[in-house]
Amino acid sequence: LLVGEEGSALDRVAHRIHAASGRREGPFVVADCTAVRPERADAALFGEADAAETPGWLRLAEGGTCLLLDVPALSLAAQAKLGEALATRRAILADGAGSYPVDARVVVTSRVALAPLVAAGAFDAELHRRLEPLTLEVPPLRARREDVPSLVLLALDRTCRRAGACPCLRTARP
């Protein structure tokens, strides 16, 4: 679980985790939980019997990493089913027509702490219990002021490479 406020580069942190792992050769599937309607969340996560039509994010990420952005946006039922899939390493198809083994690292993100959502009944307690020990809080840039000079240099370097030259780095001629 990666937790960070709006503007924190949670997706980049997840990609670094993927790239530094033994799963780096596998797919890196990014799934935005806010983009799926609640009634289609099961199909989006786990797929349906006709895998060619709707394979499901977990199946697409087989052998790699599945990044679920803003997991609190999922319905409570989808959260519970995700918790069960993580516990058993088996995903049950949305239409109940079968199941398949889950062979993907699952990284989830949230812009808010999950404990208050659990207390309010807006987040599945079992899924929270599974994610909580593996939580990484990503601090905002304002809390990492020492990173600003490096980021400025990186931005300048990228701009210079795109432009083909960087006038600010040219030496003055006498």
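Here are the numbers for this structure:
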quantity	calculated
Given charges at beta-carbon only (K, R positive; D, E negative), |dipole| of region 1-84 in Debye	300
Where a label projected 7 Å from the Cα of ALA122 along Cα→Cβ would reach, residues of region 15-47 with amide N under 15 Å	34
Computed E for GLU137/ALA35 - FRET, C-beta separation, R0 41 angstrom, nearest 0.05	0.95
Net dipole in debye of the chain [+1 Lys, Arg Cβ; -1 Asp, Glu Cβ; about Cα centre; nearest 20]	1080
Helical mean residue ellipticity (222 nm; -39500 (n - 2.57) per DSSP H run of 4+; nearest 500) of the chain	-10000 deg cm²/dmol
Region 49-146 - charge dipole about Cα centre, Lys and Arg +1 at Cβ, Asp and Glu -1, debye rounded to 20	420
List GLU62, GLU48, ordered by accessible area with a 1.4 Å probe, largest first	GLU62, GLU48
Computed P(r) (all Cα pairs; the chain; 10 Å bins; percent)	9, 31, 30, 15, 9, 4, 1, 0
Cα-based convex hull, region 78-123, per residue volume (Å³, whole number)	89
Tilt relative to the chain, helix 76-88 - C-alpha long axis, 0 to 90 degrees, to 10	90
Whole-percent carbon and sulfur share, accessible surface of the chain, 1.4 Å	54
For ALA115, net neighbour charge (Lys/Arg +1, Asp/Glu -1) across residues whose Cβ lies under 13 Å away	-2
Within region 1-137, percent of DSSP bridges classed antiparallel, to nearest 5	20
Accessible surface, per residue, of region 18-85 when the full set of protein chains is kept, probe 1.4 Å, Å²	44
Selected from ALA80, GLY63, ALA113, residue furthest toward positive end of dipole (region 40-122; charges at beta carbon)	ALA113
Cα long-axis angle, helix 10-19 against the chain (0 to 90 degrees, to the nearest 10)	90
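The values are calculated or read from the model by the stated rules, or taken from the named source; none is laboratory data. Computed from a prediction, not measured in an experiment: that's the story for all the values here. Cβ atoms come from the backbone with ideal geometry, glycine included; neighbour counts cover every protein chain shown. We work out accessible area using only protein heavy atoms, side chains counted, and drop any ligands, DNA or RNA first. Shrake-Rupley method; radii C 1.70, N 1.55, O 1.52, S 1.80 Å.
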